[in-house]
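Heads up, the thing below is written out as structure tokens.
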Amino acid sequence: MGLQGYLLVSAILFGIGAFGFMARRNAILMLISIELMLNAVNLSLVAFNAYGPPGSPAGAIFALLVMAVAAAEATVGLALVIAIIRTRKTAEVDQYADLKE
Amino acid sequence: MSTELLIALIPALPLAGFLFAVLAGSRLDRVPSHGHDDHGDSHADDHGGHAGHGGDGHDSGETDDSAFRAVPSEEEQALSSPHAGHADDLANSNGADGVIPADMNDGLGQAGHVVEGGPRPSYRSWWVPTALVGIAWAFSMVVFANVVFGGHVYHVSVYEWIVSGDFQIEIAFLVDGLTAALLLVVSTVGLLVHVYSIGYMDGDRGLWRFFAYLNLFMFSMLLLILGDNFLMLYVGWEAVGLCSYALIGFWYKKPSAAGAAKKAFVVNRVGDFGFGLGIMMIWTMLGTLNFEEVFAGIGGLDPTAVTVIALLLFAGAVGKSAQFPLHVWLPDAMEGPTPVSALIHAATMVNAGVYMVARANPIFAESPVAMWVVAGIGVFTAIFAAAIALTQNDIKKVLAYSTVSQLAYMFFALGIGAWVAAIFHLVSHGFFKGLLFMGSGSIIHGASGEQDMRFMGGLRDRMTWTYRTMVVGALALAGIPLFAGFFSKDEILAESFNRGYYLFYAVGVIVAFMTAFYTFRMIFMTFHGAWRGPRDAWHHVHESAPTMVWPLIILAVPTALAGLLLGIPPEGGFIHTWLEEVFHTAEEAGAGILSGSIAAGEHHGFELFGIGGLLLVIGASVGVAGIWLAYRWYVLDPEAPGRFVVRMPFGLGPGMYAASLNKYYVDDLYGLVWARGGVLVGNALWWFDAKVVDGAVNGAGWVAQRFGGLLRRAQTGRVENYGLGMAAGLALVLIAYLVMRP
């Protein structure tokens, strides 16, 4: 199994994440889908780092960076989602459409 | 002190007077205010009783009330009661209720004439302005003597005013014979009008304001005549226009005065626009505005360009000197106080146009077309205005149209190249018309503010000195031998004959006849016969205050003598030696239309028993004939004018009378074309603005709103829709990348 295997897994993961983000109604599950997509990207980054030209840690460093950003994003996102769930008493994003038009 | 310093001080003194009056005037005058109910006589200085003469000896016209007769009907009498408000002083009185709009009427009258019997005002604000003008007059006389008798020409450079690249203008004065002539008239009449105003404006709350404006006017006028370049001329020109505006509208609460002031200003703007363009064109073509440099360079220009310049300059003169078709403002300007009419609208400012054309004589001399235009407009306006003056009933309107006509005489003289004669007439006219206007002010004052001659009569007995001096002025205006107007007018007529303008000469003679007629019609209607005004007003008729009478007497002296001193021998008098230098080049150029053949200087001299003598006799006899006709019609047989009008061939009489009385409907025509037309154009433009311009602006907003209305539907507020949008966008970018990839 070479680079293609990793990329395939990464693509599948990203597809699951994207589908989950668009199909799910639950805000928490949407956040989890986003994490899935981020990790799919991370996977492809480290795979490219391992199979790419030697001596360049750029892919690994990028993966670390994405992890940090993902952690921050998850924190803020989760805080917002919890706050909105507390006020709206629901996690269904359909109910959040107050700002339409 | 050197003469140069005196010259620089002459305009500076009235400017100082103006500043003084503005800064301190209102604090120096103590004018008691008074209540609305206190409904006294118009004039504080009325010596109410004046019991000397009884108010008998007249009864108003109970006989035939033909419209052409000098005797008013009952209704007209009622209209003319001193509070009807057409008289210039009346808005100043307490009885101004009908004149001043209710919302502006504070019960203090226009500027607040003080009531008879009430506390007397004390004035101190006129002292300094009048004294400064007096000093300026003395300086002017010194300068005048040095220039005229000493033969000097002064160039006084004060400082560099504008330095901007090639455009360099100095504040500098040029005093030659021409300026000296104007200086004589302006400072003398100016000083006398200041003295006269002390009496005339007595009782007015705005006295300090009046003197401030008068001094500002003196400054501007002196700047105008002393400046040595076109820009200073223009600055003075506009400033006198501003002062004219301020003084016509001096009683600004009176709508007719405010309207007349606006009219004067707007009509003058029309001419001044041309004048300004002319000056700009001179600068563009010659790169200088200095008189001497311009005149030196003008010969090298394209003749068409010179003609255009001359005509543009003349447009300014037409406006300022009230020539047809811009004459309409001057008669209306009589709404101002009478001293203003005497100073600005008869003796000085309206001469500015004549002065300017005379000053620019080298330019006009280069352009036969411009000379024709000047002469043609002059001749036409002369007879046109004289024909209107024949039938006017307002004493100041008669004099106003007379002024238009006499100024036209000067342009006529300028146009045929009789430069010296024009300036000679300017000087003598300045004196006698100033005198006549001040006399008319004295009459108006004495007759309780009445201005309509139909309600006057018999004033000779009570206003002796006004009568005597006005007769001197009238004889001069009528061109009776030995008086100033005779020599100057005859010189214009003789020059036009000698140079071969026989048609112009004939018109000039007719105008001279008409002038004599309307002048003495005025004298006879006011001073002779019986009093035709309201009976109670007769008791108030009195000679005016000494400050008003003395200027009349003083002005009567040059009016009687100027012609003898300056005009003998005819066509070669002292004024010719005095002005020879100024018009030298123009005369050399053989300016004028036909005079190319008769080179000016060398035409045969005056012969008493030749053509010259004959012309003198003709000139004198038309004057006498005019006076005789006025005497027959307005003293011997007051029915005669009415009969004459009715008996005119083809029944033209009443129509012609009405046309003349209504100023040939020029004002109505302008009202229709410019005022009503302006409203129409304004309405059309308003429609364009409201519908097209505003429509475009509103349309832009409408389009944005509708477009936004469409786009807002995309905002569903559903997170998954946005997510789908983002995914779709990303997919699009990817597909585009894959497709476009080389």
Please go through the range B:468-480 and pick out each residue that is buried (at least 21 other Cβ atoms within 10 Å of the Cβ) and assigned to a helix (DSSP H, G or I). B:THR469, B:MET470, B:VAL472, B:GLY473, B:ALA474, B:LEU475, B:ALA476, B:LEU477, B:ALA478
For the range B:6-22, state whether one or more residues are crowded, with 18+ Cβ neighbours inside 10 Å, at pLDDT below 85 and either farther than 30 Å from B:ASP176 by Cα or within 30 Å of the chain's Cα centre (by Cα) (or both). no
Go through B:VAL235, B:VAL189, B:VAL195 for me and flag whichever is buried (at least 23 other Cβ atoms within 10 Å of the Cβ), assigned to a helix (DSSP H, G or I) and β-branched (Val, Ile, Thr). B:VAL189
Which numbered condition B:PRO368 fails, given (1) touching a helix residue (DSSP H, G or I) at 6+ places or on another chain (Cβ under 6 Å); (2) closer than 30 Å to B:GLU293 by Cβ; (3) surrounded by fewer than 24 Cβ atoms within 10 Å (Cβ to Cβ): (1)
Taking B:PRO742 as meeting all but one of (1) away from chain A (no Cβ under 14 Å); (2) modelled with pLDDT of 90 or more, write down the number of the exception. (2)
Given the structure, is A:GLY77 within 14 Å of chain B (Cβ to nearest Cβ), more than 22 Å from B:ALA728 (Cβ to Cβ) and surrounded by 12 or more Cβ atoms within 10 Å (Cβ to Cβ)? yes
Every residue from the range B:713-727 that is part of a helix (DSSP H, G or I) and surrounded by 10 or more Cβ atoms within 10 Å (Cβ to Cβ): B:ALA714, B:VAL719, B:GLU720, B:ASN721, B:TYR722, B:GLY723, B:LEU724, B:GLY725, B:MET726, B:ALA727
Name the residues in the range A:48-81 that are outside any helix (DSSP H, G or I) and among the small types (Gly, Ala, Ser), would you? A:GLY52, A:GLY55, A:SER56
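Condition check ((1) over 26 Å from B:SER164 (Cα atoms); (2) more than 11 Å from the chain's Cα centre (by Cα)) across all residues:
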{"position": "B:ILE279", "(1), (2)": "no, yes"}
{"position": "B:THR284", "(1), (2)": "no, yes"}
{"position": "B:ILE298", "(1), (2)": "no, yes"}
{"position": "B:THR304", "(1), (2)": "yes, yes"}
{"position": "B:ILE309", "(1), (2)": "no, yes"}
{"position": "B:GLN323", "(1), (2)": "yes, no"}
{"position": "B:PRO337", "(1), (2)": "yes, yes"}
{"position": "B:ASN361", "(1), (2)": "yes, yes"}
Residue ID - nearest to the other protein chains (Cβ to nearest Cβ), chosen from residues in the range A:82-99 that are among the hydroxyl-bearing types (Ser, Thr, Tyr) and either closer than 13 Å to A:LEU29 by Cβ or assigned to a helix (DSSP H, G or I) (or both): A:TYR96
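Return the only residue of B:ALA386, B:ALA413 being closer than 18 Å to B:GLY479 by Cα, in contact with a His (Cβ under 9 Å, 6 or more places away or on another chain) and of a type in the set (A, V, I, L, M).
B:ALA413
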Scan the range A:32-53 residue by residue and report those that are under 12 Å from the mean Cα position of the chain (by Cα) and either under 11 Å from A:LEU7 (Cα atoms) or modelled with pLDDT under 90 (or both). A:ALA40, A:VAL41, A:ASN42, A:LEU43
Write out, first by first residue and then by second, each pair whose Cβ atoms fall under 9 Å of each other, whose residues are 6+ apart or on separate chains, and whose first residue, in the range B:647-659, is touching a residue at least 60 places away in the same chain (Cβ under 8 Å) and closer than 20 Å to B:PHE384 by Cβ while the second is surrounded by 14 or more Cβ atoms within 10 Å (Cβ to Cβ) and among the polar types (S, T, N, Q). B:TYR657/B:THR391
Subset of the range A:17-39 [in contact (Cβ under 8 Å) with a residue 24 or more places away in the chain and within 14 Å of chain B (Cβ to nearest Cβ)]: A:ARG25, A:ASN26, A:ALA27, A:ILE28, A:MET30, A:LEU31, A:ILE34, A:MET37
With criteria (1) away from chain A (no Cβ under 14 Å); (2) exposed (fewer than 14 other Cβ atoms within 10 Å of the Cβ); (3) among the polar types (S, T, N, Q), B:SER660 comes up short on (2)
Criterion (over 30 Å from B:MET514 (Cβ atoms) and touching a helix residue (DSSP H, G or I) at 6+ places or on another chain (Cβ under 8 Å)) met by exactly one of B:GLY717, B:GLY678: B:GLY717
Inspect the range B:321-339 for any residue being buried (at least 24 other Cβ atoms within 10 Å of the Cβ), more than 25 Å from B:GLU160 (Cβ to Cβ), of a type in the set (D, E, K, R) and touching a residue at least 40 places away in the same chain (Cβ under 8 Å) and give the result as yes or no. yes
Just a yes or no: is a residue in the range B:695-712 assigned to a helix (DSSP H, G or I), within 23 Å of A:ARG24 (Cβ to Cβ) and within 11 Å of chain A (Cβ to nearest Cβ)? no
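The values are calculated or read from the model by the stated rules, or taken from the named source; none is laboratory data. Source: prediction; values computed, not measured. Backbone-built Cβ (ideal geometry, glycine too); neighbour counts: all protein chains shown.
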